[in-house]
Amino acid sequence: MKNKKFIISFIIFIISIILLVSYIIYNKRDYHQPLITNNEVDKIIDNIKELDLKEEIDTNNKLLEINNLYNKNNDLVGWLSIDNTATSYPVMHTDNEDYYLYKDFYKNYYKAGSLYIDKNNKVNPRDINLIIHGHNMKNGTMFGLLPRYKKEDYYKEHKTFTFYTLDEKQEYEIISVFLSKIYNINDEEYKYYKFLNTTNEKEYNQYIDFIKENSLYNIELTAKYPDELITLSTCDYTQENGRLVIVGKRIK
């Protein structure tokens, strides 16, 4: 009887080890999963990232490269670079909110997904506030570096980001870093992700008041109607359906 119990326990132990190893291997594979490559497109993407590190005189070259990228995938609307960080990616836009949630630029499955603008946003002509969504990846890709903005010292060293459209370079300075969540439709709490566009100054000021009052630390710079805004939104795991949100005002 004891031998039988020992054999059963041993089998369960072995199965548990196998399952644990399989889980680790699977997640490691996804964690380090590279983009499915396309040499021509990869070369364009690499050129754009290299131009991030060069002088202002290369802006026209970068816009040219972005347009070359657009010719490969018309869902591209621009390129986001958070200055002096590794966050530098194409930004997509479709009517399907979840399309690029787990797809790369090539429309292939990719656990990290892509950066994409909210499906309810209009980009041409653009809404007053563009919301860019991205995964908070543990390896720092996509919006995986945004949690560092919870510390004021990090914000002070990385106050600005750049958004390249197909025809111009836009520069933004951060005016708020705050935590929120995705609420149920009937919840009365202010839903930052519903503010996309307005011609009403009072409604605009309501959004600015909310993001300033809820900022994790004081940021003197603010926005006034009709300043253009970009809101970066990613998951925050300190609460259910939590979001870490960074709002930038266009300065150039």
> Simple spin-label model, 7 Å along Cα-to-Cβ: K252 to Y217 in nm?
Replying inline: 2.5 nm
> Non-local amide H neighbours of Y116 (under 5 Å, H modeled in plane, Pro and chain starts lacking H): which ones?
Replying inline: M92, H133
> Can you work out ³J(HN,Hα) from phi for every residue in the range 184-191, in order, using Karplus 6.51 cos²θ - 1.76 cosθ + 1.60 and θ = phi - 60°, giving whole Hz and x for Gly and Pro?
Replying inline: 5, 4, 8, 5, 8, 4, 5, 9
> Does anything in the range 179-212 have its amide N under 20 Å from the 7 Å Cα→Cβ label point of K151, and if so which residues?
Replying inline: 179
> Considering every pair of different Cα atoms, what Kirkwood radius, in Å, is found for the range 37-164?
Replying inline: 15.3 Å
> Between the range 162-181 and the range 81-124, how many Å separate their Cα centres?
Replying inline: 14 Å
> Tell me, what is the percent relative contact order of the range 95-176, built from C-alpha pairs under 8 Å that lie six or more residues apart?
Replying inline: 16 percent
> Taking N as the number of residues in the range 72-123, what is its Cα Rg relative to 2.2 N^0.38 Å?
Replying inline: 1.11
> Which length gain, in nm to one decimal place, applies between D95 and N197 when the Cα-Cα distance is subtracted from 0.36 nm times their residue separation?
Replying inline: 35.0 nm
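Going down the table (K103/K252; K122/K181; K191/K249; K49/K107; K122/K156), which pairs top 28 Å between alpha carbons?
Distance filter (> 28 Å) returns K103/K252; K122/K156.
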> Out of residues 5 or more away from S215 or on other chains, whose amide H comes under 5 Å of its own, with H placed 1.01 Å from N in the peptide plane?
Replying inline: none
> Taking the Cβ-Cβ separation of Y237 and T85 as r and a Förster radius of 25 Å, what is the calculated FRET efficiency to the nearest 0.05?
Replying inline: 0.75
> With labels modelled as points extended 7 Å from the Cα through the Cβ direction, what inter-label distance (nm, one decimal) is found for K138 paired with D167?
Replying inline: 4.5 nm
> Dimensions of the range 106-252 along principal axes (Cα, Å, largest first)?
Replying inline: 41, 37, 37
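Every number here is computed from the coordinates shown, using simple stated rules; none is lab data. If you're wondering where the values come from, they're calculated on a predicted model, not measured in any experiment. Here Cβ is always computed from backbone atoms with ideal geometry, including for glycine, and neighbour counts include all displayed protein chains.
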